[in-house]
Amino acid sequence: MKSTFRILFYVKRDKERLDGSLPIMCRITIDGRASRFNTKISIMSELWDAKAYCAKGRSREANEINALLNDIRTSIHNVYHKLIVHENTVSAEEVKNIFLGGSVKNRTLIEAIRIYNDDIKKLIGHGKSVLTYNRYELVRKRVLCFLKEHYQLSDIPLKDVDHEFIYNFNIFVMTKYKCGVNTVGKFMQRFRSVILMAKNNEWIQTDPFVNFKIKFTKTDRGYLNQQEIDAIMKKRFSAKRLSQVRDVFIFCCYTGLSYIDVKNLTQTHIQTGFDNKLWIMSKREKTGVSFNVPLLDLPKSILDKYSQTLPEDKLLPVLSNQKMNAYLKEIGDICGIEKELTFHLARHTFATLTLTKGVSIESVSKMLGHTDIKTTQIYARVIDQKVSQDMKLFSERLDTKVTQSKSGLDLLFESLSLNKKLFLFNLPISLSKSVDIVEQISKLWYNLSESEKSNLWHNSFRNKVAEEKLSIEADESENYRLKKII
């Protein structure tokens, strides 16, 4: 598609000089995006034609100004046409810089990633974490490896990053490092963040990701049920290292803390809340979001076990994440748990168990330190047991509502046998052999008003002794109940 290109001159009236003249500005517009610069030419206000975008009249001064403006217009046109021959897209900023004697620095891909990562590094502790920085550094390393293997280069211009490059890089990450779909998806999202920064800075004009879809698959996040947690808690380990890892893992199953947050946990994070009970109050290392978790008796007993036994005011003996995961696999084998135990599984378990026990998803989200409840829904899947409990409660409430809506006469009517119902409506007993009679009698009954039902009961029992056709078990208490209703 051909780009739209336009050059416009105008005066800047808010920058009037001491002699009353106004500076003439030039605006270059390409595809709706403009770039402006001062032509270093000035003109008296009364000489400027705002509609024709040039000097008025045919005076010597007007002719000189218009000639200079035409030279500028011609030079800019030449720059634009030279660029458009060699490049698919041209920006107004690029044309302006070349015209003014400068040149647009052609940023490279690795340079852009490094700039982006340096900005994240500066924000560590201010909304960004070391973990986030390390993940973007991994993007840089993977791109370097990809460039070396596929292009035998150490870097390429940003403008050379196209759909084909992204497609091949996606396959490279998946096959070279044997990553799953979701891992590759998160990796490509970080890479796209760098590309979007470059586009926003006008280092490139188009987004090469525009026709590339980053794929994710829904996963069933693992968790432990109460029986599995109990099995780990009750197991006696001969090795101290396994016992310590077990304690930290169980602590997180009942607090929801991530690895880095429990590793950083100190006595200053244990505070008395508004309810005069102990709470864990801190900020997530990953996002800087505050979280408050009530300290239950079980995790408190684990803290008491290690009280004043660890250096640097630490509360729990947390090893490296790699060792914790390795020892957890060993614990899983010893306890006969077939699920793959990882430390982050404790956080999933906390979210799932709290929801299962009836804690609202809003409360769980707050305790986990999530800013978006959708994130909590990913972590805390509602298991079948919870669904069953909720539906049972719903059924009970529904039954109660239906029962409460029925009058005493309705309940008495439902307790009668078919023959008794027939007699109530003065119908022959022989109709009891009809298949549809039950449904018909019920419809007949519920179509009556309360007064009509009461009269029907009254007339039936008034003739009871004389006709002796209504054989109802009528003890004194039942007679009393019927009389109260009638």
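The values are calculated or read from the model by the stated rules, or taken from the named source; none is laboratory data. Not measured: the values here are computed from a predicted model. We place every Cβ from the backbone using ideal geometry, glycine too, and count neighbours over all the protein chains shown. Please note that ligands, DNA and RNA were not included when accessible areas were found on the heavy atoms of the full protein model with its side chains. Shrake-Rupley method; radii C 1.70, N 1.55, O 1.52, S 1.80 Å.
A few points about this structure:
- Kirkwood Rh and Cα Rg combined as Rg/Rh, region 7-68: 0.98
- Under 17 Å from K283, Cα to Cα: aspartates and glutamates that are on another chain or at least 8 residues apart: D261, D372
- Within region 193-341, the ratio Rg/Rh, alpha carbon atoms throughout and Rh by Kirkwood, equals 1.12.
- Annotation for N182 and K339: the two label points, set 7 Å from Cα along the Cα-Cβ direction, are 1.4 nm apart.
- Principal-axis tilt of helix 181-200 within the chain, Cα atoms, nearest 10 degrees: 40
- Put a dot 7 Å past the Cα of I115, heading toward its Cβ, do the same for D162, and the two dots end up 2.3 nm apart.
- Counting only the Cα atoms, the chain fills a convex hull of 388 Å³ per residue.
- Sequence-separation-based contact order of the chain, relative, with Cα cut under 8 Å and 6+ spacing, percent: 8
- Over region 77-219, volume per residue of the alpha carbon convex hull, in Å³: 133
- Spin-label zone in region 10-51 - amide nitrogen under 14 Å from a point set 7 Å from the Cα of E202 along the C-beta vector: 26-38
- Förster radius 45 Å - calculated FRET efficiency between A239 and T89 (Cβ-Cβ, nearest 0.05): 0.10
- Inter-part distance where region 71-90 and region 340-370 are each reduced to a Cα centre, Å: 59
- Within a straight-line Cα-Cα reach of under 16 Å, K433 can be paired with the following lysines, leaving aside sequence neighbours fewer than 8 residues apart in one chain: K420, K421.
- Around L298: net Lys/Arg minus Asp/Glu count, Cβ-Cβ under 12 Å: -2
- The accessible-area ordering, largest first, of the residues S442, S238, S258 stands as S238, S442, S258, per a 1.4 angstrom probe.
- Efficiency of FRET from Cβ geometry, S193 and E46, R₀ 41 Å, rounded to 0.05: 0.20
- Principal-axis analysis of the Cα atoms of the chain puts helix 163-176 at an angle of about 60° to the longest axis.
- FRET efficiency for E61 and K15, using Cβ-Cβ distance with R0 set to 22 Å, rounded to 0.05: 0.65
- The angle between the Cα long axis of helix 60-86 and the main principal axis of the chain comes to about 60°, on a 0 to 90 degree scale.
- For the pair L393 and T39, the difference between a 0.36 nm per residue extended length and the Cα-Cα distance amounts to 119.7 nm.
- Surface composition of region 248-304: carbon plus sulfur atoms hold 54% of the accessible area, using a 1.4 angstrom probe and ignoring ligands, DNA and RNA.
- What a 1.4 Å probe finds exposed on region 163-229 is 49% carbon and sulfur by accessible area, rounded to a whole percent.
- Out-of-range pairs (alpha-carbon distance over 22 Å; input K122/K218; K148/K218; K235/K305; K234/K305): K122/K218; K148/K218
- Alpha-carbon centroids, region 191-224 and region 267-281: separation in whole Å: 40
- Over 19 Å [Cα-Cα, region 300-360], rounded percent: 53
- Straight-distance crosslink candidates among aspartates and glutamates, where the alpha carbon sits under 18 Å from K329 and sequence neighbours closer than 8 are dropped: E228, D230, D247, E338, E340
- Interatomic Cα distance distribution for region 1-117, bins of 10 angstrom, percent: 12, 37, 29, 15, 6, 1
- With protein chains left intact and a 1.4 Å probe, residues in region 235-338 average 54 Å² of accessible area per residue.
- Percent accessible area from carbon and sulfur atoms, region 420-462, protein chains only, probe 1.4 Å: 54
- Accessible surface of E414 - all protein chains present, 1.4 Å probe, nearest 10 Å²: 80
- Inter-label distance, S442 to N292: 5.3 nm, where each label sits 7 Å from its Cα along the C-beta direction.
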